[in-house]
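The values are calculated or read from the model by the stated rules, or taken from the named source; none is laboratory data. Predicted model only: the values in this text are computed from it and were never measured. FYI the Cβ positions are ideal-geometry reconstructions off the backbone, even for glycines, and counts take in every protein chain you see. Note: areas computed on protein heavy atoms with side chains; ligands, DNA, RNA excluded. Shrake-Rupley method; radii C 1.70, N 1.55, O 1.52, S 1.80 Å.
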Amino acid sequence: AAERIGEAGGRADYLGYSMGGRLCLHLALAHPGTVRRLVLVSATAGIEDPEARAARRQADDQLASELEASGDVAAFVARWLASPLFATLPSDRGFPDARATNTAAGLASSLRQCGTGNQDDLWPRLPELPMPVLVVAGEADEKYAALARRMAGAIPDAQLALLEGAGHACHLEQPGRFVSLVATFLA
C-alpha cells in the first residue's frame, strides 16, 4: 500500500492520519527521496512486542470475520465510532453515512492487511528519516499523544504538535487549528 501511495503521489509532501500515517511512514523509510516533508497525524511507528503484535493481528482477524459474517457495514461503523478512541469526536463529524459506503469485504481486508498488527516495528528506524516531520495528535488522546511525543523525540528533524481539546480524530475535531498548523509547517 505504501508503494502504491508513492507511485501515485510521486515526489511530494505526504500527510497521513492513523493508518494513513503508518503507510506514509513506511513510504518515507522505504523511499526517503520521494517524501519532501511528512505529517503524521494520530499515528504510530508500530507495535514493538512480537506477542502484542500477534495478538492485535488475531483481534483484527476476528473483527474482520465478524464483519464478513454479518455483512452489516452500518453496524460496524456505528460500533467503530462508539469506541473510546472517538469519544471526543462530535457525532456530526464522524461521517457515518460516508463510511457506510464501504463494503464488508473491503473493510475486512483492510483490517487483515493494514492493521497495526501487520505493520513492521518501525521504532528503531525513526532516526533514519531525513525529511522534516510534523507529528500531530490530540492532547485528549492520551495513548496517541504519548506515541507522538516519543516519535517526535526519535526523529531528527521533527516538530510535535498536540491539539488541545481534541482526541484521536484531531483533524476533524479542531479543523481550523489543524489546517493552520499544517499550512504553517508546509509553507
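Results, tabulated for the structure shown:
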| quantity | calculated |
| --- | --- |
| For the chain, built as a Gaussian network whose Cα springs stay under 10 Å, the top-fluctuating residue of VAL39, VAL136, VAL77 | VAL77 |
| Per-residue ³J(HN,Hα) for the stretch 90-99, Karplus 6.51 cos²θ - 1.76 cosθ + 1.60, θ = phi - 60°, Hz, x for Gly and Pro | x, 4, 7, 10, x, 6, x, 5, 5, 5 |
| Label-point separation, ALA183 to ARG112 (7 Å along Cα→Cβ), nm | 4.3 nm |
| Average accessible surface area per residue within the chain, 1.4 Å rolling probe, Å² | 50 Å² |
| Rounded percent of accessible protein surface that carbon and sulfur make up, the stretch 1-115, 1.4 Å probe | 54 percent |
| Amide H contacts under 5 Å for LEU15, placed H, 5+ residues apart | VAL39 |
| Charge dipole of the chain about the Cα centre (unit charges at C-beta), most positive-ward option of GLY138, ALA54, ALA2 | ALA2 |
| The chain: most fluctuating residue of CYS114, CYS24, CYS170 per GNM, C-alpha cutoff 10 Å | CYS114 |
| Kirkwood Rh and Cα Rg combined as Rg over Rh, evaluated for the stretch 131-187 | 0.96 |
| Dipole magnitude of the stretch 4-162, debye to nearest 20 (Cβ charges: Lys/Arg +1, Asp/Glu -1, about Cα centre) | 360 debye |
| Candidates GLU51, GLU173, GLU139, ranked by Gaussian network fluctuation over the chain, Cα under 10 Å, top entry | GLU51 |
| For the stretch 91-143 versus the stretch 1-78, the gap between their alpha-carbon centres in whole angstrom | 5 Å |
| Estimated D of the chain in µm² per second, where Rh is the Kirkwood radius over Cα pairs and Stokes-Einstein applies at 25 °C, 0.890 mPa s | 143 µm²/s |
| Local electrostatic count, ALA140, Cβ distance below 12 Å [Lys/Arg +1, Asp/Glu -1] | -4 |
